[in-house]
Each structure stands twice: as C-alpha cells, then as structure tokens.
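Taking it in order: structure first as structure tokens, then the write-up.
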Amino acid sequence: MEKKILFMFLRAPFGAIYYTEGLRAVVGMMSGLDEHKVTCVYAGDGAYYCLKDSDKSESAGYVKTIADISETHYYVEKESLDERGIQEGDLDGMFEVISRDDFAKLISDNDVVYDF
Amino acid sequence: MANINFLLTEGPFQTEKWNTAAKIAGAALKKGHKVNFFCYLDGIYNGLSTQEFADWEKVPGDYFNELVENGAEIVCCGICVNARGQQSGKFFYEGIKVGGIPDWAAFVGGADRVVTL
Amino acid sequence: MALYLIGLPFAKTGLELAKRDSDAKVVLIEDGVYADGSGFGEVYAVKEDVEKRGVASRVAGAKVIDYDELVDLIVDNKVVNFL
C-alpha cells in the first residue's frame, strides 16, 4: 500500500553517513512497487547540510534520481537555521524554508516518520 | 494483531539500540503481533552468529536469532552487508536474510506501525 | 493520536514538535529519560531505562511503563521517531 513518508534529517553532516544513506533510502522507497510518496525535512544539526557550500558530491546522484522519479520537496526548518546563525542567503537553492509549525504539520500529514 | 516494522541502523554492543529493539520486538511477538526488521548500515552486524563476548551470557546475535525463531522476519541491506565485508551474510544466523531497500519499502507498505532504532 | 518516541540527541527537536501536536503522547526512552518531558498530557518513560539510570524521581511526572505497555501504545498510535 502506498504510504506518505517523511524523512527527517537531524544529524550533522558529515560526522555520520546518515545524510547520504538516508537519501539512498528515499530512492528505494520511491522506486518500490508501492511507490511511496516521500518528503524530506532538515532540522536540528541536519540543517547544516543545507549550506550552499557543503559538499553534496556523495548525494548528488540520489537527488537527481529522486527528481527523475517524482517532484520531491526538501524543506529546512527556520528555527533550526536561526539557532545556528544560518541566513537564508547561505542556503543551497534546492531547500525551502518552513516554520516549526509547518514542520509539525508535515509530521501529522505523513503516515510514516523517519529520523535520519 | 498489528504489523510492526523496525528499522535498525545501529550495530550491537556500541549503543543500546539493539537491546531496545530486541525487547520491544520480543514483547510484540509474545502479544501475537507480526514483526519484521530491516537492518540498514551498521544494523546488519546484529544478526552475526559469530559474536563472542565472555562477560555476557547471551550476545546480541542470540536475541535476534530468538526473534526469528519466534516468527520475526529479518532482512539486511545487501549493499551494507558487502560494504562491511560480511560476504552476503555468510556468518548470519540461518533465517536472517540479505535483501535490499525494495524489501524495506514492501515492509513499510504492509506495516501498521514503523519504529526506528 | 501520535506517539513521539523521544531519545537523545533528538529530544529537544522532538519535544518542540510534540508541543505543537495537541494529540501528542510522549515516550521517554533510552537516554531520552534524561530529557524534560513535563508539560504534556500523557508522558511515559521506559522502566528499564529509568531504573538503570536511577532517574525515577526526575521523571516523576511520567508514567513508567514496561515493554509490554510500550507495545500497546505503539499499536494504538501513529509512531513518530525521534531517537
């Protein structure tokens, strides 16, 4: 059965491999027979991945494959940016800034919520 | 009866994720729920039959073997298995399978609940 | 109803989000029993984790549950994972 799945990226890149293995998992979730619908959100220390100058070479292939399968949103939580002194101008253009209230709404709108 | 899928991404010994996973899954099986695991990243080490640690009467692998004996289905990410030198899971307990993310996606499709550890 | 499984290091983020969910039930689990789960209608803490850490008095506002009770909560609620 098709599910709506939220992937939350909460760990700081690049000390652990979750930032890219999570995206590999997203590809797999979208490609299976059930064709799950995935949304990605970056929060907490995961927000550092959204910096435009962070190295995305390991994950670029997954991001491209995801885009080929279906339009997918990559959100980043505004409060996490503020807490870390990150300005919107510091972000890569693929990320859309949302409020914590909107993040909470994403959690309630999705069937499954993963923490990566 | 519910169908509960566990995603386990951490290995044995280093953190207590394996213990929490085994305890919740064991309790769920006793209550008659269906349990399956997808072991991803270092999570694949939990199913090794070759673990040895003299300080403990039972090692983590024993607990996962018991889960399988009690009806749990456990599938490990094949890419993760080979990346970690585990040669298609040749040292895994019998019944702990090597598969891929499509297996995980299918587990999620059929799951009533998903727990990550 | 949603069941927020709260551990470290994601407790802060998880609890902030749970606060925005009027139906939230919170479970403090593993090192999550060190977190402040006050202010929620329903807060639980996993017995084995509480006892090992000697924090029963610190989680006084939470109902201490065993794994059987945790399974019942998991089955009865959507699970939101923050651990």
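The values are calculated or read from the model by the stated rules, or taken from the named source; none is laboratory data. Quick caveat, the model's predicted, so the values are computed rather than measured. So basically every Cβ, Gly included, is an ideal-geometry build from the backbone, and we count neighbours across all protein chains shown.
If you filter the range C:61-83 down to residues that are assigned to a strand (DSSP E or B) and of a type in the set (Val, Ile, Thr), you find that the one that is surrounded by the most Cβ atoms within 10 Å (Cβ to Cβ) is C:Val80. Out of curiosity, is B:Asn36 away from every other protein chain (no Cβ under 12 Å), under 20 Å from C:Asn81 (Cα atoms) and not acidic (Asp, Glu)? Considered against the rule, which asks whether it is away from every other protein chain (no Cβ under 12 Å), under 20 Å from C:Asn81 (Cα atoms) and not acidic (Asp, Glu), B:Asn36 comes out as yes.
Taking the range A:64-116 as the region of interest, the strands (runs of 3 or more DSSP E) fully inside it that hold 3 or more residues being under 13 Å from the mean Cα position of the chain (by Cα) and either closer than 30 Å to B:Ile4 by Cα or within 13 Å of chain C (Cβ to nearest Cβ) (or both) are A:74-77, A:112-115.
Selection of first residues in the range C:13-26 that are within 24 Å of A:Leu81 (Cβ to Cβ) and of second residues that are modelled with pLDDT under 95 and in a loop (DSSP other than H, G, I, E, B), restricted to Cβ pairs under 6 Å at least 6 apart or on distinct chains, gives an empty result. Using the structure shown, decide if B:Val108 is facing chain A (nearest Cβ under 10 Å), over 13 Å from the mean Cα position of the chain (by Cα), modelled with pLDDT of 95 or more and not in a helix (DSSP H, G or I). For B:Val108, the condition - facing chain A (nearest Cβ under 10 Å), over 13 Å from the mean Cα position of the chain (by Cα), modelled with pLDDT of 95 or more and not in a helix (DSSP H, G or I) - is not met.
Per the conditions (1) basic (Lys, Arg); (2) more than 9 Å from every other protein chain (Cβ to nearest Cβ); (3) buried (at least 19 other Cβ atoms within 10 Å of the Cβ), the sole criterion not satisfied by B:Arg113 is (2). Filtering the range A:32-55 to residues that are at pLDDT below 95 and crowded, with 17+ Cβ neighbours inside 10 Å leaves A:Gly32, A:Asp34. Within the range A:42-69, residues that are over 20 Å from A:Val113 (Cα atoms) reach partners that are at pLDDT below 95 and surrounded by fewer than 19 Cβ atoms within 10 Å (Cβ to Cβ) with beta carbons closer than 8 Å, at six or more positions or on different chains, in the pairs A:Ile69/A:Ser31.
More than 8 Å from chain C (Cβ to nearest Cβ), in contact with a Lys or Arg (Cβ under 6 Å, 6 or more places away or on another chain) and either touching a residue at least 60 places away in the same chain (Cβ under 8 Å) or β-branched (Val, Ile, Thr) (or both) - does that describe any residue in the range B:11-30? Checking the range B:11-30: not a single residue is more than 8 Å from chain C (Cβ to nearest Cβ), in contact with a Lys or Arg (Cβ under 6 Å, 6 or more places away or on another chain) and either touching a residue at least 60 places away in the same chain (Cβ under 8 Å) or β-branched (Val, Ile, Thr) (or both).
Taking the range C:16-60 as the range and being more than 9 Å from every other protein chain (Cβ to nearest Cβ), assigned to a helix (DSSP H, G or I) and surrounded by 23 or more Cβ atoms within 10 Å (Cβ to Cβ) as the test, the residues that pass are C:Gly32, C:Val33.
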